[in-house]
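Structure record follows, encoded as structure tokens.
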Amino acid sequence: MVRLEDLVRGTTVKGILPNHHVVIVDVTQHSDDVIELVYKDASGNLGNELVLRDREPDLEIVTTGQPWSFDGDGAMLRLVSEAHRIRLAHLFDPLLAVHTSLVEPLPHQITAVYGEMIPRQPLRFLLADDPGAGKTIMAGLLMRELLIRGDLHRCLVVCLVVWRLNGRMSYFRNSICRLRF
């Protein structure tokens, strides 16, 4: 609770005007229970008002500080900044999945993924091609790029039983996408 004696020049007060803060310019005390305030509102207009002691519960002194402070956790700031940088990395490196995977894609695979598949919306594809054309690498690059961008939420990978038995699925998981199934 604010007392009338606490209202001095330069104090920011809430409760003089409804829903606004005012800065006290001058205070004149008329008696123990009455003061006259000259104040400036947020738009710079001057006003004056007689304030009685029975209005003390409605008044509140607003502590004004700097609009920002530098007392935050430095390690947390660094972590958040790094996470934000990683989240936006695809904007600065358009071939981010290629540069962060362990494979060397061929030019036709890069063109297929970055020139044909990613620009199209909605992102629904059936990737089928001749044997040995690099469908595994193309699918992995597409999935990895969409994961990095945060656009991949669900993905269905259908493969042959032989593909799973000869270790190709583990190659796909570990080398290209680094996924957990």
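Structure notes:
- Cβ-Cβ contacts under 7 Å between residues 6 or more apart (or on different chains), taken from a first residue in the range 2-21 that is more than 19 Å from Val34 (Cα to Cα) to a second residue that is at pLDDT below 90 and of a type in the set (Gly, Ala, Ser), are listed as His20/Ala42; His21/Ala42.
- Residue within the range 106-122 that is touching a residue at least 12 places away in the same chain (Cβ under 8 Å) and touching a His at 6+ places or on another chain (Cβ under 6 Å) present: no
- Within the range 124-136, tally of residues that are surrounded by 10 or more Cβ atoms within 10 Å (Cβ to Cβ) and either under 29 Å from the mean Cα position of the chain (by Cα) or not polar (S, T, N, Q) (or both): 6
- In the range 107-123, the residues that are within 28 Å of the chain's Cα centre (by Cα) and over 15 Å from Pro94 (Cα atoms): Arg120, Gln121, Pro122, Leu123
- Scanning the range 128-160 for residues being over 27 Å from Ile86 (Cβ atoms) and of a type outside the set (Asp, Glu) gives a total of 9.
- Close pairs (7 angstrom Cβ cut-off, 6 or more residues apart or separate chains): more than 17 Å from His108 (Cα to Cα) and of a type in the set (Val, Ile, Thr) in the range 133-147, at pLDDT 85 or above and buried (at least 20 other Cβ atoms within 10 Å of the Cβ) anywhere: none
- Scanning the range 11-45 for residues that are exposed (fewer than 13 other Cβ atoms within 10 Å of the Cβ) and of a type in the set (Phe, Trp, Tyr) turns up nothing.
- Summed over the range 77-98, the residues that are within 13 Å of the chain's Cα centre (by Cα), of a type outside the set (A, V, I, L, M, F, W, C) and more than 15 Å from Asp151 (Cα to Cα) give a count of 4.
- Summed over the range 1-18, the residues that are among the basic types (Lys, Arg) and in a strand (DSSP E or B) give a count of 1.
The values are calculated or read from the model by the stated rules, or taken from the named source; none is laboratory data. On a predicted model such as this, the values are computed, not experimentally measured, just so you know. For neighbour counting, all protein chains shown are included, and Cβ atoms are generated from backbone atoms with ideal geometry for every residue, glycine included.
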